[in-house]
Amino acid sequence: MSATASSAAPAEIDADDVAAVIEQAVPADQVAVVEQPDSVAAGVVLFESGGEAHLEVEVSLDADTPVVIDNDVDSPVEISLPTEVMVADGDVAADGTVVYAADHGDAHAAVQVLDDGVRLQTVLEGPEAASTYSYEFGAGVEPVLMEDGSVELVEQVNEGISVVVGTIDSPWAVDANGDDVATHYTVEGSTLVQHVEHSASSAYPITADPTVSLGWWRYLHFNKAETKSIASGGWTVAAISAVCARAHWAAGAACAAQAGAIVYVANTGVNSSPMKCLVLKFSHAGGLASLPGTYRDSRCK
């Protein structure tokens, strides 16, 4: 693959070549060890990461089948390859990258499993490649765009109460010369869209990357109505414990033990100007990682 402004995807693409382009493009602060697959059977590549989150990741060689990330705590998170790419079935490169070479069009897709999550790359080979790449998640999971350009993947556990089941780093895109290419996310309903601002004058190939992490922490967010209800004593200890247990099976006891602090902090949020909403932070093991806190974003409404 050459760094020309008008190169089209070759008819035959080697997975190792695409993986090499990705390796060269990864910014210095994003370098991470790519996991090797533990098994390949029936068209599914299985990874078991060695990081703190203890992830199991299923990557199908069928490009139409979502990547499945499971940490044995939350429901598995599904991520589909971008709907804009027309690619062939996947092939595993020597470094562990699963590559889906362009079948029709000018963009390849790739999946890399890291110790705490997954990278989903798009490699743009020429100016005919799309400028937007859309990602869908499993049923019930909604992307929420944050002020710094990153994304939280949120699942409702009760009306007005949501848990963060994953995060997506701010996007990056790098051209064949190692220069940054402007890129950002937007959210359209339950779809996350990465915009890559390239043109005929760009140096191709361009690698664009969302990195999805399930990580070590879980966040349970309460909206204004539920925060006010807790602050006013409308929730019993049993009710607080029960909703925490829905966010993490082991968190109920931790929340029951901290029920007084949870009510106190909810009151603090209600009395703030402007009002802030209650948030609880859990470790992967289910314990409260810190004292209850407050927040303000689109979920605090």
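Taking residues in segment 13-34 that are farther than 20 Å from ASP116 by Cα, and partners anywhere that are exposed (fewer than 14 other Cβ atoms within 10 Å of the Cβ) and of a type in the set (Gly, Ala, Ser), the pairs with Cβ atoms closer than 7 Å and at least 6 places apart or on different chains are ASP16/ALA94. Filtering segment 219-240 to residues that are open to solvent by less than 10 Å² (accessible area, probe 1.4 Å) and either among the polar types (S, T, N, Q) or touching a helix residue (DSSP H, G or I) at 6+ places or on another chain (Cβ under 6 Å) (or both) leaves LEU220, THR227, ILE230, ILE240.
Kindly indicate which of SER60, SER39, SER49 is among the polar types (S, T, N, Q), more than 21 Å from GLU152 (Cα to Cα) and either buried (at least 23 other Cβ atoms within 10 Å of the Cβ) or free of Cβ contacts under 8 Å to residues at least 24 places away in the same chain (or both).
Values: SER60 fails: either buried (at least 23 other Cβ atoms within 10 Å of the Cβ) or free of Cβ contacts under 8 Å to residues at least 24 places away in the same chain (or both); SER49 fails: either buried (at least 23 other Cβ atoms within 10 Å of the Cβ) or free of Cβ contacts under 8 Å to residues at least 24 places away in the same chain (or both).
Sole residue among the options that is among the polar types (S, T, N, Q), more than 21 Å from GLU152 (Cα to Cα) and either buried (at least 23 other Cβ atoms within 10 Å of the Cβ) or free of Cβ contacts under 8 Å to residues at least 24 places away in the same chain (or both): SER39.
Pairs linking a residue in segment 241-253 that is open to solvent by 50 Å² or more (accessible area, probe 1.4 Å) to a residue that is at pLDDT 75 or above, with Cβ atoms under 6 Å and 6 or more positions apart or on different chains, are ARG246/VAL157. Which of the residues spanning segment 113-151 are within 15 Å of the chain's Cα centre (by Cα) and more than 30 Å from SER39 (Cα to Cα)? Listed by number, the residues that qualify are GLU142, PRO143, VAL144, LEU145, MET146, ASP148, GLY149, SER150, VAL151.
Comparison of HIS184, HIS221, HIS195 shows that the only residue that is over 30 Å from VAL18 (Cβ atoms), in a strand (DSSP E or B) and modelled with pLDDT of 90 or more is HIS221.
Residues are listed down the side, and each one gets a yes or a no for (1) open to solvent by less than 40 Å² (accessible area, probe 1.4 Å); (2) closer than 13 Å to ILE79 by Cα; (3) touching a Leu at 6+ places or on another chain (Cβ under 8 Å):
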| position | (1), (2), (3) |
| --- | --- |
| GLU125 | yes, no, no |
| VAL154 | yes, no, no |
| ASN177 | no, no, no |
| HIS184 | no, no, no |
| GLY189 | no, no, no |
| LEU192 | yes, yes, no |
| GLU197 | no, no, no |
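I'd like to check something: does segment 91-114 contain any residue that is among the hydroxyl-bearing types (Ser, Thr, Tyr) and either over 25 Å from THR167 (Cβ atoms) or free of Cβ contacts under 8 Å to residues at least 40 places away in the same chain (or both)? Checked segment 91-114: at least one residue is among the hydroxyl-bearing types (Ser, Thr, Tyr) and either over 25 Å from THR167 (Cβ atoms) or free of Cβ contacts under 8 Å to residues at least 40 places away in the same chain (or both). Where strands (runs of 3 or more DSSP E) fall wholly inside segment 12-102, the ranges with 1 or more residues that are modelled with pLDDT under 95 and over 19 Å from ALA129 (Cα atoms) are 39-41, 44-48, 56-60, 67-70, 77-79.
A single entry from THR183, THR227 fulfils the requirement of being touching a residue at least 24 places away in the same chain (Cβ under 8 Å), among the polar types (S, T, N, Q) and within 18 Å of ALA25 (Cβ to Cβ): THR183.
Selection of segment 224-244 for residues being part of a loop (DSSP other than H, G, I, E, B) and of a type in the set (Val, Ile, Thr) yields only THR236.
The values are calculated or read from the model by the stated rules, or taken from the named source; none is laboratory data. On a predicted model such as this, the values are computed, not experimentally measured, just so you know. Reconstructed Cβ throughout: ideal geometry from the backbone, glycine too, with neighbour counts over all protein chains shown. Side chains are part of the model used for accessible areas, which takes the heavy atoms of the whole protein and leaves out ligands, DNA and RNA. Shrake-Rupley method; radii C 1.70, N 1.55, O 1.52, S 1.80 Å.
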